[in-house]
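Participant: I am attaching a structure below and will ask some questions about it afterwards.
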Amino acid sequence: MTVPWPLQAASYNGIPFFVEAQSRASGRRTVIKEIPKSDTLSTTEDMGRRIRKFAVTAYIIYSPVLDPDWETSRNDLIAACEADGTGTLMLPTMLSNDVMPVIVDTYSVTEHQGKGGYAEFTINFIEAGQLQAAAGAD
């Protein structure tokens, strides 16, 4: 199967990583109003789009050619995940104009004894939103 566009290199705040899996969630915020003493009357009100959330399973791996200093790359990604403010997320299937400011909600990193030089991250990003991005621009 061929991809109609080239895959982008994954990164957060310019720190590259590989992606094992990624998902995106959003939707609409709705208010449901059910009419008392009625089995059929109700209304819904659209309150706008839900904030976008991205779940990424990422990894940093030792490579004598691509990343011989994988520990520094791992530590840089940890520092970026713990840093205050917004960051820029690029995922392989995003087009370059899809890049948006995000905030790291939670992350975890697991290092496997049997896979020396391999650190697996689970990172949950949330869209920063315009107010947050504007406040960070000061």
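The values are calculated or read from the model by the stated rules, or taken from the named source; none is laboratory data. Not measured: the values here are computed from a predicted model. Neighbour counts are summed over all protein chains in view; Cβ atoms, including those assigned to glycine, are modelled from backbone coordinates with ideal geometry. Just so you know, the surface numbers come from the protein's heavy atoms only, side chains and all, with ligands and any DNA or RNA stripped out. Shrake-Rupley method; radii C 1.70, N 1.55, O 1.52, S 1.80 Å.
Participant: Give the span of region 58-108's Cα atoms along each principal axis, as three whole-Å numbers ordered largest to smallest.
Facilitator: Sorted largest first, the three principal extents are 32, 25, 14 Å.
Participant: Right, here's the next one. Does anyone have the angle between helix 70-82 and the longest principal axis of the chain? Alpha-carbon axes, 0 to 90°, nearest 10?
Facilitator: 30 degrees
Participant: Keeping all protein chains in place and using 1.4 angstrom, which order do Asp67, Asp39 fall into by accessible surface area, from largest down?
Facilitator: Asp39, Asp67
Participant: Using a 10 angstrom cutoff on alpha carbons, build the Gaussian network for the chain and name the most mobile of Ile32, Ile126, Ile51.
Facilitator: Fluctuation is largest for Ile32.
Participant: Can you pull the percent of the chain's accessible area that's carbon plus sulfur, 1.4 Å probe, other chains left in place?
Facilitator: Carbon with sulfur: 52 percent of the solvent-accessible area.
Participant: Would you compute, from DSSP H runs of 4+ residues alone, the mean residue ellipticity of the chain at 222 nm, taking -39500 (n - 2.57) per run and dividing by the full residue count, rounded to the nearest 500?
Facilitator: -4500 deg cm²/dmol
Participant: Let me ask something else. Determine the dipole magnitude for region 1-116: charges of +1 sit on the beta-carbon of Lys and Arg, -1 on that of Asp and Glu, nothing else is charged, the reference point is the Cα centre, and the result goes in debye to the nearest 20.
Facilitator: 600 debye
Participant: Now for a separate question. Could you give the accessible area per residue of region 1-106, probe 1.4 Å, as a whole number in Å²?
Facilitator: Counting only protein heavy atoms, the per-residue value for region 1-106 is 69 Å².
Participant: Projected onto the charge dipole of the chain (+1 at Lys/Arg Cβ, -1 at Asp/Glu Cβ, origin at the Cα centre), which of Gly14, Phe54, Cys81 gives the Cα projection farthest towards the positive end?
Facilitator: The Cα lying farthest towards the positive end belongs to Phe54.
Participant: Within the chain, what's the longest stretch lacking trypsin sites (Lys or Arg not before Pro) that sit in DSSP loops with no more than 16 other Cβ atoms inside 10 Å?
Facilitator: Free of exposed loop sites, the longest segment is 53-114.
Participant: Over region 1-122, how many percent of alpha carbon pairs lie in each 10 Å bin up to the one with the longest distance?
Facilitator: Reading the bins upward from 0: 11, 34, 26, 13, 9, 5, 1, 0.
Participant: Kindly state, to the nearest 0.05, the FRET efficiency for Ala79 paired with Arg49, given R0 = 41 Å and r defined as their beta-carbon distance.
Facilitator: 0.85
Participant: Any idea what the relative contact order of the chain is, in percent, if you count C-alpha pairs under 8 Å spaced at least 6 apart?
Facilitator: 27 percent
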